[in-house]
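Taking it in order: structure first as structure tokens, then the write-up.
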Amino acid sequence: QVQFVESGGALVQPGESLRLSCAASGSGFSMFAMGWYRQAPGSEREWVARVGSGGSTEYTDSVKGRFTISRQNDKNTVFLQMDSLKPEDTAVYYCNYANPSPFAWGQGTQVTVSS
């Protein structure tokens, strides 16, 4: 069964940058589109970004121009580069398939943006 392990979260000030990583176990990683998601306190988990098996990308409107999703298939890893961070980006960030599996959610990584 696949497992995703997220890392890279931290406390940062508005305007700063972070790079999140997600390591996937199991085989076949390169065949699947992957996504980043986030859940802010008191809110539902929401989709943030998607990278296709061929590298195509999509973003939710609130992060367009600030976040960049990428993948490194030989490392079974997907990244989220987050620039110009805002307080409203504060959330626990998760990765999963672009069509998320309910059994594959990891622990996530906390991103806090505060002055």
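The values are calculated or read from the model by the stated rules, or taken from the named source; none is laboratory data. Only a predicted model underlies this, so the values are computations on that prediction, with no experimental measurement involved. Note that we place each Cβ from the backbone using ideal geometry, even for glycine, and neighbour counts take in every protein chain shown. These area figures cover heavy atoms from the full protein model, side chains too; ligands, DNA and RNA do not enter into them. Shrake-Rupley method; radii C 1.70, N 1.55, O 1.52, S 1.80 Å.
Pairs of Cα atoms under 8 Å, at least six residues apart: use those to get the relative contact order of the chain, whole percent.
Taking the mean separation of contacting Cα pairs over the length of the chain, I get 38 percent.
Rank G55, N73, G106 by how far each Cα sits towards the positive end of the charge dipole of segment 40-110 (+1 on Lys, Arg Cβ; -1 on Asp, Glu Cβ) and give me just the farthest.
N73
Might you tell me the accessible area per residue for segment 20-110, computed with a 1.4 Å probe and given in Å²?
Here the per-residue accessible area is 50 Å².
Evaluate the charge dipole of the chain about its Cα centre and quote only its size in Debye, nearest 20, assuming +1 on the Cβ of each Lys and Arg and -1 on the Cβ of each Asp and Glu.
Around 180 debye, computed over the chain.
In the chain, what percent of the accessible surface is made up of carbon and sulfur (1.4 Å probe, ligands and nucleic acids excluded)?
46 percent
What translational D, rounded to a whole number of µm²/s, comes out for the chain from Stokes-Einstein when the hydrodynamic radius is the Kirkwood one over Cα pairs, at 37 °C and 0.692 mPa s?
The Stokes-Einstein estimate is 235 µm²/s.
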